[in-house]
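None of the figures in this text is laboratory data; all of them are computed from the coordinates on show. What you are looking at is a predicted structure, and each value in this text was computed from that prediction instead of being measured. No Cβ is skipped: glycine too gets one built from the backbone with ideal geometry, and neighbour counts run over all protein chains shown.
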Amino acid sequence: MNPNDYLSAALLITGAVFFLAGTLGLLRFPDVYTRLHALTKADNVGLGLMVVGLAVQAESWSVVGKLLLIWWLVLIAGASVAHLIASGALQRGIRMWKP
Amino acid sequence: MDNSKTSWPSILVRASLFALIWSVLSGGATASWWIGIPAVLLAVIVSVALIPPTPLVWSEILRFAPFFLQRSLLGGTDVAWRAFHPRRPIAPDLIEYPLQLQPGLPQVFMVNTVSLLPGTLSAVLEHNVLKVHVLDRQKNVVAELKALEQIVARMFDTSLNIS
């Protein structure tokens with residue numbers, strides 16, 4: 001393994017930890033709004049780290065470009081869908097959890 | 001019309017962005033441009049029809065990028081910590097934030113970015129008021145939203161009108 005592979009592995013494993021956190025939040029958080037927080041933010045960072053981790057190993061610039069394109073599209077989709085779900089939930093009168 | 005004069009640069013920027021995306025997708029194969037050029041042209045036409053060309057300040061976009069990367073990393077770490085913590089420390093609240101940005105693209109951009117910042121989620125946008133769900137009411141979210149709003153206004157070269 002060369003140094004690049006170690007860097008790539010570290011980034012991929014850290015990314016996986018964020019995906020785990022997103023899923024854990026989805027299971028542990030009490031209502032739809034807090035669960036959306038966990039999903040959008042943790043998965044965004046998890047995917048970002050995986051994209052960088054894979055880009056380190058990429059053989060050409062077009063592969064790096066494709067990976068960044070995927071991240072960007074997921075970012076937009078995640079943020080706008082989270083907003084739509086939250087606004088739909090509020091309009092249907094789904095109460096937010098309070099401690 | 002004065003309008004058409006200002007929109008050409010931004011149409012050119014869009015065309016080069018779409019061309020860049022095509023060259024990334026096709027892996028730079030020369031023959032692929034027989035399909036690529038019509039596809040890019042169609043994409044430009046559709047994008048101009050859907051979103052009217054707006055002037056963008058590129059130096060401000062370059063300044064937005066590190067801000068966004070840093071905040072989203074912080075936001076992910078923050079929510080991950082709360083998810084892993086045995087006592088699950090959250091104290092959610094819903095706050096109302098009156099937007100001073102122009103309706104349209106600047107507001108949409110702001111709404112989407114807010115959901116990726118630490119501890120905030122855009123819930124409803126109505127009559128220029130954004131309802132934001134916050135994960136921890138102890139945090140000073142309003143200052144963060146104000147800072148973001150100012151950056152977005154500079155990116156789209158618009159002023160914040162006092163409502």
For this session: Give me a single rounded figure for A:38-48: the average over its residues of other chain Cβ atoms within 10 Å of their Cβ.
Result: 6
Problem set entry | Summed side-chain charge close to B:Phe64 - residues other than B:Phe64 whose Cβ falls under 11 Å, Lys, Arg +1, Asp, Glu -1 | +2
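State to the nearest 20 debye the size of the charge dipole of segment B:58-155 about its Cα centre, where the only charges are +1 on K and R beta carbons and -1 on D and E beta carbons.
280
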Exercise. Mind checking Rg over Rh on segment B:93-163, alpha carbons, Kirkwood formula for Rh?
Worked result: 0.93
Seminar exercise, completed: Averaged over all viewing directions, the convex hull of the alpha carbons in chain A casts a projected area in nm² of 7.1
For this session: Run down the lysines and flag those whose C-alpha is under 29 Å from the C-alpha of B:Lys131, throwing out any fewer than 8 positions away in its chain.
Result: A:Lys41, A:Lys98, B:Lys139, B:Lys146
Problem set entry | For segment B:2-50, Kirkwood radius (reciprocal of mean inverse C-alpha pair distance, Å) | 11.4
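Give me D for segment B:7-163 in µm² s⁻¹, whole number, from Stokes-Einstein with Rh from the Kirkwood sum over alpha-carbon pairs, 37 °C and 0.692 mPa s.
183
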Exercise. How do B:His127, B:His85, A:His83, B:His133 rank when sorted from fewest to most other Cβ atoms within 10 Å of their own Cβ?
Worked result: B:His127, B:His85, A:His83, B:His133
For this session: Could you pull out the longest piece of chain B with no exposed loop trypsin sites (Lys or Arg not before Pro) in it, calling a site exposed if DSSP puts it outside H, G, I, E, B and it has at most 16 other Cβ atoms within 10 Å?
Result: B:1-86
For this session: Report, to the nearest 10°, how far helix B:141-155 tilts away from the longest principal axis of the Cα atoms in chain B, using its own Cα long axis and a range of 0 to 90°.
Result: 10
For this session: Just order A:73-81, B:18-26, A:41-49 by mean Cβ neighbour count inside 10 Å, highest at the front, would you?
Result: A:41-49, B:18-26, A:73-81
Seminar exercise, completed: Under the Karplus relation with 6.51, -1.76 and 1.60 and θ = phi - 60°, whole-Hz ³J(HN,Hα) for segment A:56-68, x at Gly and Pro, equal 4, 8, 5, 8, 9, 5, 5, 5, 4, x, 5, 4, 5
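Let me spell out the model: positive unit charges on the Cβ of Lys and Arg, negative unit charges on the Cβ of Asp and Glu, origin at the Cα centre of the protein assembly as shown. What dipole size does that give, in debye rounded to 20?
Details: 19 positive and 14 negative charges, 127 e Å.
That gives the protein assembly as shown a dipole magnitude of about 600 debye.
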Problem set entry | 5 angstrom amide H check on B:Arg137, placed H, neighbours 5+ away | B:Ala91
